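Working notes, beginning with the structure itself.
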Amino acid sequence: MSDSERKTEPVSKRRRNFLIGSAMTGVVPVIGWAGQAQATTQAAPVDARAALNVALRVNGRLHQVQVDARMTLLDALREEIGLTGAKKGCDHGQCGACTVLVDGRRELACLTLAVAAQGREVVTIEGLAAPDGTLHPMQEAFVAQDAFQCGYCTPGQILSAISCVHEGHATSPDQVREYMSGNLCRCAAYPNIVAAVLQASQQMGD
C-alpha cells in the first residue's frame with residue numbers, strides 16, 4: 001500500500017489492521033510456550049513402584065536384587081535376599097530390632113532405603129561368625145552372660161553392641177546403658193546385656 005493510499009484509508013480500518021498485526025506478533029511466543037508446557041506435562045512421570053536393579057554387598061557377598069525406590073534395606077534383606085536375622089519390630093526406627101552395620105556403623109535398616117545402601121558394606125547377624133562356625137566375641141559374650149530371653153531383639157542388640165565398642169562407648173556400665181539405649185528388650189534382659197557388652201569389649205581389644 002502506497003503512502004497516499006494509507007493516508008486516505010479510514011482511521012478505523014487502520015486501527016483495526018494495527019491491532020490485528022500487534023496480536024499476531026504475540027502468537028508465536030505464546031504458542032511456543034504452550035507447546036513446551038504441553039511437552040513437559042506429557043513427559044512420563046517417574047513411577048516409584050517400578051523395579052530397579054540394585055547391587056547390595058551383604059556379608060561379603062554381592063547380591064543383585066530388584067526393588068522399587070521405596071523399599072527399605074530391611075525389607076530387601078528379608079524378602080529379596082532371604083536374610084531374616086534383622087527383625088521388623090516397630091518399623092519406625094524406635095526399637096532397634098532391625099539394626100545392621102553399614103560400613104562398620106550401626107544403622108536402622110527399617111529407616112534406610114535399599115537403594116541408598118549400594119556401594120556400601122552391609123553386615124547382618126548372619127555374617128558375624130567365622131566360616132568355621134566360630135562365634136564373634138560379642139555373640140560368645142551374649143551366650144555366656146545369658147543376655148537374651150525370647151531372642152527377638154538379640155540380633156540388633158549384638159550388632160549395635162559391636163558398633164558401641166568400636167565407637168569407644170563401652171568403658172563403663174553407665175556408658176553402655178546410655179549408648180545402647182536405642183535397642184529395646186521387651187524381656188528386660190538389660191543387666192545381662194550390659195555385662196555381655198563389657199565382657200566382649202575386653203576381648204575385642206577396642
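Would you check if there is a residue in segment 46-56 being surrounded by 15 or more Cβ atoms within 10 Å (Cβ to Cβ), closer than 30 Å to Arg186 by Cβ and either of a type in the set (Asp, Glu) or in contact with a helix residue (DSSP H, G or I) (Cβ under 7 Å, 6 or more places away or on another chain) (or both)? Looking through segment 46-56, at least one residue is surrounded by 15 or more Cβ atoms within 10 Å (Cβ to Cβ), closer than 30 Å to Arg186 by Cβ and either of a type in the set (Asp, Glu) or in contact with a helix residue (DSSP H, G or I) (Cβ under 7 Å, 6 or more places away or on another chain) (or both). For segment 161-206, the set of residues classified as surrounded by 13 or more Cβ atoms within 10 Å (Cβ to Cβ), in contact with a Leu (Cβ under 9 Å, 6 or more places away or on another chain) and among the small types (Gly, Ala, Ser) consists of Ser163, Ala170, Gly182, listed by residue number. Only one entry of Leu101, Leu135 meets the criterion of being touching a Leu at 6+ places or on another chain (Cβ under 6 Å), in the same structural domain as Asn183 (by TED's automatic domain parsing), over 16 Å from Ser181 (Cβ atoms) and not hydroxyl-bearing (Ser, Thr, Tyr), and that entry is Leu101. Look at segment 36-63: where a residue is of a type in the set (D, E, K, R) and a partner is surrounded by 10 or more Cβ atoms within 10 Å (Cβ to Cβ) and modelled with pLDDT of 70 or more, sitting 6+ places away or on another chain with Cβ atoms under 6 Å, you get Arg49/Asp68; Arg57/Glu121. Has segment 184-194 got any residue that is closer than 21 Å to Leu83 by Cα, under 29 Å from the mean Cα position of the chain (by Cα) and not aliphatic (A, V, I, L, M)? Checked segment 184-194: no residue is closer than 21 Å to Leu83 by Cα, under 29 Å from the mean Cα position of the chain (by Cα) and not aliphatic (A, V, I, L, M). Set side by side, the residues Ala48, Ala69, Ala55 differ, and just one is outside the structural domain of Gln157 (by TED's automatic domain parsing), at pLDDT 95 or above and under 16 Å from the mean Cα position of the chain (by Cα), which is Ala55.
Does Glu126 meet the test of being buried (at least 16 other Cβ atoms within 10 Å of the Cβ) and within 14 Å of Ser163 (Cβ to Cβ)? Spelling it out, it is not the case that Glu126 is buried (at least 16 other Cβ atoms within 10 Å of the Cβ) and within 14 Å of Ser163 (Cβ to Cβ).
The values are calculated or read from the model by the stated rules, or taken from the named source; none is laboratory data. Keep in mind it's a predicted model, so treat the numbers as computed, not measured. In this analysis, Cβ positions are derived from the backbone assuming ideal geometry, glycine residues included, and neighbour counts consider all displayed protein chains.
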